[in-house]
Amino acid sequence: MLTDLRYGLRLLLRSPGFSLVAILALAIGIGANTAIFSVVNTLLLEKLPYADADRLAIVWEHNLPRDRRNNVVSPGNFIHWREMNQVFQDIAAVGMTFNVTLTGDGEPEELPMQLVSAQFFPIVGVQPGMGRWFTMEEDRPRSRVAVISDRLWRRRFGADPNMLQRLITIQGNPYNVVGVMPPGFSFLDKRVELWLPVGFPAEARTPRGRWISVVGRLKPGVSLNQADADMKRVAGDLTQRFPDFNTGWTARVIGLREQLTGDVKPALFVLLGAVAFVLLIACANVANLLLARATARQRELAVRAALGAGRARLVRQLAAESLVLATAGGAAGLLLAWWALHFLRVVASEQLPVQRLEAVGIDGRVLLFTAAASLLSGLVFGIVPALSAAGSALTDALKEGGRTGSGARGKRARSAFVVIEIALALVLLVGAGLMVRSFARLLDVNPGFDPERTVTMRLNLPGVRYDADAKSTQFFERLFTGIDALPGVRAAGGISFLPLAGLGSATSYVPVGLPAPPRGQEPVADVRVIDHNYLSAMGIPLLRGRLFNPLDENDARNHVVVNDTLARKHWPNEDPIGKKVKISWSDDREDEIIGVVGDVRYTSLDAAARPTTYWPYRRNVYGTMTIAVRTSGDASQVVNSIVSLVRQQDPLLAVSDIQTMDEVMAESVAQRRLTTMLLGIFAAAALLLAAVGIYGVIAYSVTQRFQEIGIRIALGAQNSHVLGMIVGQAAWLAAAGIALGAAGAFLLTRLMAGLLFEVEPTDPVTFAAVALVLGGVALLASYVPGRRAMRVDPVVALRAE
């Protein structure tokens, strides 16, 4: 076998053109498979970096009327869940990611932070790299202890070994750092760099408001289904105890891995299927090359057979050559995968909120996968050529010009491989076409605002220095007065939660004067607090009525602006101006509608606009606001001036998340864009490989039919007839492949339904366009061999015969 391998290596070195084409095809297929498998391995197969991670589960509240399955939890419900459940060893609260300002030791900086209960760290079971966790005694209101991330410790504090003796200033208050988590630690949100005790007060036992996540560790032997059933029982008991708050709600338990990968799993499976198709196409391509090469080597194989080599010996020799080729392709593919994963870690992971994406790499399991893929590929593309070449009547090949049945068998095999290539390529191209059309439809969605020449930035006012609503209101009044005076500024304003930025607030409401809905089925509206000329700055149109007037004190007491969806939902044939709604917030007052504005898609571009209410900033003062500024020119030109205005008022404020609205929109669709781009790249590779395969088969066919073509020309065949004969052969192969591929695509693209937006998996336009493109590429690939056939000299051909 070693002799065969050495001989196979020498043959590859003597045919650099053949070897380069074959290795490149395999490198593309194996490299793509290795890269995607690395992602699947890290996200779906590797053990999560928590103690006994299989027993960790996330518990959500499930809103039944709206079928909102993963809703954040009320702290009051969490407290009762902890006492009443029978399936968890313990459960812990993990707050939504909020931003706080860190001052001292450099420029003010805004940090993503999670409020967690003391049970959180013991439940996830990850020991601090330095120091300790919170204690139960420290999990109380106004506790001043903090745990920081390794990333923050190194970046901000220079990996100070005395960090546990230092105080840090968060939101204007001193905090004692009691622990530093190990490198890479995160939970639910990989951006978080700071953990503080949540410290629920005694009155939190009465459920009110929903804003936390809940993680629990299952008792030994308890399944997720059992836990889900028990938590639904607990939720039912709490509905009886707190009917006003909990009617229409239940609990839902899902495993931690499903929580972390549920959104990306369908896309990963589609990409994994796509790269498997690319590898199969590459194998078919290389098999065709080997078939042609084996036919050209028939005299050599015949001599070996005449000298006593049996069929098994010849098959082993050819298989060894395929193995050498597959090994070289696997090594090149591994290098290609390493480069792709480096790009994924450095660039893509920063733009995507996928947990642990930055940890994707090549480990032992991935290396084993690559080796197995290479070996399997060698068998796939090597076995048919080897059997075909070694199974023919080799003694006839010793005769000059001898014709054997192997030519026909080789031709059938090569044609079959090309048909398979075209079929697989069509499936991939249809999938990519559907994703491209879906993504284009998504980008065409009207978000409800005009992103052009608009820049945004977030400000967080610490409660220590802004302990009265009047201070916060005066700060923003002075800031917007200064921004309005800047050259090029057309409008400026602020909002509590920026569209497409991930966070938001919502609550139930009741239209006054209309029949009251059943308890637990009240309509729900997004709630946004706006300041100054925010709606104008975002280009959100006023449809009816008026906007808030800062000089009208009544606006800040009982007036509200609503969006068109809310108005049409309750008063479709009436003027909503003057109507009243009672919004379930901090009081029971009725708000009069003074204006109706256009719909805005706050959560995502593929989610319909929801009923939305707007309050003026003086009505509900938020500590964190996002500033939006529309300019007449390049929006980024005013950023430095705005930052200077902020620092003039308060040098300890951090100005963070400075982005244009175009960048905000691009970030909101980053995951879809990456999936579409990758699928498009794989489809393009499949199309290229299929074109190369068609060209190779037709070119080889022209070579084999050299004498036949010469005779046809000698008997008077026109060039157009010869070209038509060669191109027609490609057309038949393409037609067979397209028919087979269309049937496969019709079945397989249904699995992509969850990834598409306003495009059906069986979209006829996409199928027809892909079929035309693939057919055109097939004809184009056969045109060059056809032109060469037209130039065959019949005298030379007949003399050779």
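I need a count of the residues in the stretch 696-736 that are open to solvent by less than 50 Å² (accessible area, probe 1.4 Å) and in contact with a helix residue (DSSP H, G or I) (Cβ under 6 Å, 6 or more places away or on another chain). Going through the stretch 696-736 one residue at a time, the tally reaches 18. Applying a threshold of 7 Å to beta carbon distances and a minimum spacing of six or more residues, or different chains, the list of pairs starting in the stretch 271-294 at a residue that is on the phi < 0 side of the Ramachandran plot and free of Cβ contacts under 8 Å to residues at least 60 places away in the same chain and ending at one that is among the hydrophobic types (A, V, I, L, M, F, W, C) and in a helix (DSSP H, G or I) is empty. Residues being under 31 Å from the mean Cα position of the chain (by Cα) and surrounded by fewer than 13 Cβ atoms within 10 Å (Cβ to Cβ) are entirely absent from the stretch 779-794.
With respect to residue 23, determine if the residue is open to solvent by less than 20 Å² (accessible area, probe 1.4 Å) and over 30 Å from residue 643 (Cβ atoms). Spelling it out, it is not the case that residue 23 is open to solvent by less than 20 Å² (accessible area, probe 1.4 Å) and over 30 Å from residue 643 (Cβ atoms). Counting the residues of the stretch 198-226 that are under 31 Å from the mean Cα position of the chain (by Cα), at pLDDT 95 or above and not aliphatic (A, V, I, L, M) gives 5. Within the stretch 573-596, if we keep just the residues that are open to solvent by 10 Å² or more (accessible area, probe 1.4 Å) and in contact (Cβ under 8 Å) with a residue 40 or more places away in the chain, the residue that is farthest from residue 207 (Cα to Cα) turns out to be 594. Checked against (1) more than 20 Å from residue 116 (Cβ to Cβ); (2) under 35 Å from the mean Cα position of the chain (by Cα); (3) not charged (D, E, K, R), residue 167 passes all but condition (2). Is the stretch 79-94 home to any residue that is over 30 Å from residue 330 (Cα atoms), under 26 Å from the mean Cα position of the chain (by Cα) and not in a helix (DSSP H, G or I)? Yes, that holds for at least one residue.
Scanning the stretch 359-385 for residues that are within 14 Å of residue 36 (Cα to Cα) and touching a residue at least 60 places away in the same chain (Cβ under 8 Å) returns 359, 360, 361, 362, 363, 365, 366, 369, 370, 373. Those strands (runs of 3 or more DSSP E) of the stretch 166-239 in which at least 3 residues are of a type in the set (A, V, I, L, M, F, W, C) and farther than 23 Å from residue 54 by Cβ, considering only elements entirely within it, cover 167-170, 173-180, 194-197.
Within this structure, residue 774 passes the test of being in contact with a Leu (Cβ under 7 Å, 6 or more places away or on another chain), assigned to a helix (DSSP H, G or I) and hydrophobic (A, V, I, L, M, F, W, C). I need the full set of residues from the stretch 26-43 which are of a type in the set (A, V, I, L, M) and either in contact with an Asp or Glu (Cβ under 8 Å, 6 or more places away or on another chain) or open to solvent by 30 Å² or more (accessible area, probe 1.4 Å) (or both), in order please. 28, the sole residue that qualifies.
Of all residues in the stretch 606-620, those being touching a Lys or Arg at 6+ places or on another chain (Cβ under 9 Å), crowded, with 19+ Cβ neighbours inside 10 Å and not basic (Lys, Arg) number 6. Residue-level check: of (1) closer than 30 Å to residue 186 by Cα; (2) more than 29 Å from the chain's Cα centre (by Cα); (3) loosely packed, with under 15 Cβ neighbours inside 10 Å; (4) not aliphatic (A, V, I, L, M), residue 75 misses just (3). Can you find a residue in the stretch 423-442 that is in contact with a Leu (Cβ under 8 Å, 6 or more places away or on another chain), at pLDDT below 95 and not in a helix (DSSP H, G or I)? No; the residues of the stretch 423-442 include none that is in contact with a Leu (Cβ under 8 Å, 6 or more places away or on another chain), at pLDDT below 95 and not in a helix (DSSP H, G or I). For the stretch 505-520, check the following and say yes or no: at least one residue is closer than 26 Å to residue 172 by Cβ and either at pLDDT 95 or above or under 39 Å from the mean Cα position of the chain (by Cα) (or both). Checked against the condition, which is being closer than 26 Å to residue 172 by Cβ and either at pLDDT 95 or above or under 39 Å from the mean Cα position of the chain (by Cα) (or both), the stretch 505-520 yields at least one hit. Screening the candidates 195, 153 for the property of being at pLDDT 95 or above, surrounded by 14 or more Cβ atoms within 10 Å (Cβ to Cβ) and closer than 14 Å to residue 113 by Cα yields one hit, 195.
Close contacts from the stretch 632-651, counting a first residue that is without any contact (Cβ under 8 Å) to a residue 12 or more places away in the chain and a second that is outside any helix (DSSP H, G or I) and open to solvent by 30 Å² or more (accessible area, probe 1.4 Å), with Cβ to Cβ under 7 Å and a gap of 6+ residues or different chains, come to none at all.
A quick yes/no check of all residues on (1) small (Gly, Ala, Ser); (2) surrounded by 15 or more Cβ atoms within 10 Å (Cβ to Cβ):
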residue	(1), (2)
108	no, yes
112	no, yes
116	no, yes
122	no, yes
128	no, yes
135	no, no
142	no, no
146	yes, yes
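For the stretch 211-227, the tally of residues that are open to solvent by less than 50 Å² (accessible area, probe 1.4 Å), of a type outside the set (S, T, N, Q) and under 27 Å from residue 503 (Cβ atoms) stands at 4. Examine the stretch 95-105 for a residue that is open to solvent by less than 40 Å² (accessible area, probe 1.4 Å), closer than 25 Å to residue 52 by Cα and touching a Gly at 6+ places or on another chain (Cβ under 8 Å), and state whether such a residue exists. Within the stretch 95-105 (the criterion being open to solvent by less than 40 Å² (accessible area, probe 1.4 Å), closer than 25 Å to residue 52 by Cα and touching a Gly at 6+ places or on another chain (Cβ under 8 Å)), the answer is no, since none of the residues qualifies. Assess whether residue 634 counts as being at pLDDT below 95 and not polar (S, T, N, Q). Yes, satisfied.
Restricting attention to the stretch 63-72, and to residues there that are touching a Gly at 6+ places or on another chain (Cβ under 8 Å) and part of a loop (DSSP other than H, G, I, E, B), which single residue is surrounded by the fewest Cβ atoms within 10 Å (Cβ to Cβ)?
Applying the filter and picking the extreme gives 64.
State whether one or more residues within the stretch 621-639 are among the hydroxyl-bearing types (Ser, Thr, Tyr), touching a Pro at 6+ places or on another chain (Cβ under 6 Å) and not in a loop (DSSP other than H, G, I, E, B).
Looking through the stretch 621-639, none of the residues is among the hydroxyl-bearing types (Ser, Thr, Tyr), touching a Pro at 6+ places or on another chain (Cβ under 6 Å) and not in a loop (DSSP other than H, G, I, E, B).
Filtering the stretch 762-787 to residues that are among the polar types (S, T, N, Q) and closer than 16 Å to residue 696 by Cβ leaves only 782. Given the criteria modelled with pLDDT under 95 and touching a Gly at 6+ places or on another chain (Cβ under 8 Å), does residue 248 qualify? Spelling it out, residue 248 is indeed modelled with pLDDT under 95 and touching a Gly at 6+ places or on another chain (Cβ under 8 Å).
Among the residues making up the stretch 736-787, those that are touching a Gly at 6+ places or on another chain (Cβ under 7 Å) and hydroxyl-bearing (Ser, Thr, Tyr) are 749, 766. If the condition is being closer than 28 Å to residue 469 by Cα and part of a helix (DSSP H, G or I), then the stretch 564-618 contributes no residue at all.
The values are calculated or read from the model by the stated rules, or taken from the named source; none is laboratory data. All of these numbers come straight from a predicted model, not from anything done at the bench. In this analysis, Cβ positions are derived from the backbone assuming ideal geometry, glycine residues included, and neighbour counts consider all displayed protein chains. For the accessible areas, the whole protein counts, side chains as well, though only heavy atoms, and no ligand, DNA or RNA atoms are used. Shrake-Rupley method; radii C 1.70, N 1.55, O 1.52, S 1.80 Å.
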